[in-house]
Amino acid sequence: MDLKKYIRSIPDYPKKGILFRDITTLIKNPDAFKFTNDKIIEIAKKTDFDKVAAIESRGFVFASAISYILHKPFILLRKKNKLPADTFSVDFTLEYGNATIEVHKDSINKGEKVLVIDDLIATGGTAEAAAKLIEISGGLVAGFIFVINLFDLPGNKLLKKKGFKTDCLIEFPGH
């Protein structure tokens, strides 16, 4: 199945000059959504990991399904002030601003291997922050799985340069 045909491209969103790759058109199609999750599961089954983590918010769509199907604990990496218990926080830079993500301090135990799933990798700031959160928590990053890689932006290369395993289902140019 050609997943690219299920991704809607929206120019100048969320700001001028950004070509936004919208997954809502993929997840509203049950066949495309199932195919996507099946492909992520194929990759995940080849990875040694203890827990699944996802980056807010679109990563939750895929990671929750993968967590359920593979019977692995699901860890939320959320925007600042969205988690009610004690958290670790990491500040980072986005393509169009700054942000903070957090994880509950009791989500990841020392030495646990965490597989991170998200919808898209662009500049790599959010994914790198996710890796830092896992490491601050005492965990190890088992790898990253992204539905979309914006291949002309540095994110995927940045993660690989830092020694992280990454997999992507489809690729688009970033701008």
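Numbers below:
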{"item": "Under 5 Å, built H, 5+ apart or other chain: amide partners of E112", "result": "L140"}
{"item": "Under the Debye formula (equal points on every Cα, no solvent term), log10 I(q)/I(0) of segment 1-93 at q = 0.11, 0.12, 0.18, 0.19 Å⁻¹", "result": "-0.42, -0.50, -1.00, -1.06"}
{"item": "Long-range amide H partners of D167 with built H, under 5 Å", "result": "F144, I145, F146"}
{"item": "Theoretical ellipticity at 222 nm over the chain - DSSP helices of four or more residues, -39500 (n - 2.57) apiece, nearest 500", "result": "-8500 deg cm²/dmol"}
{"item": "Cα pair distances in segment 35-172, grouped into 5 Å bins until the bin that holds the longest one, percent each", "result": "2, 11, 22, 26, 22, 12, 4, 0"}
{"item": "Cα-Cα over 19 Å, subset of K82/K160; K51/K161; K45/K72; K46/K165; K51/K80; K5/K72", "result": "K82/K160; K51/K161; K51/K80; K5/K72"}
{"item": "With at most 11 neighbouring Cβ atoms within 10 Å, loop trypsin sites (Lys or Arg not before Pro) (DSSP) excluded, longest segment of the chain", "result": "111-175"}
{"item": "Rounded to whole Hz, the Karplus (6.51, -1.76, 1.60) HN-Hα couplings of segment 146-163, x for glycine and proline", "result": "10, 5, 10, 10, 8, 5, 8, 9, x, x, 4, 5, 4, 5, 5, 4, 7, x"}
{"item": "Listed residues S89, A122, A99: farthest to the positive end of the dipole of segment 83-142 (Cβ charges)", "result": "S89"}
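Each value in this text was obtained by applying a stated rule to the coordinates, not by laboratory testing. Nothing here was measured: the structure is a model prediction, and the numbers come from that model. FYI the Cβ positions are ideal-geometry reconstructions off the backbone, even for glycines, and counts take in every protein chain you see.
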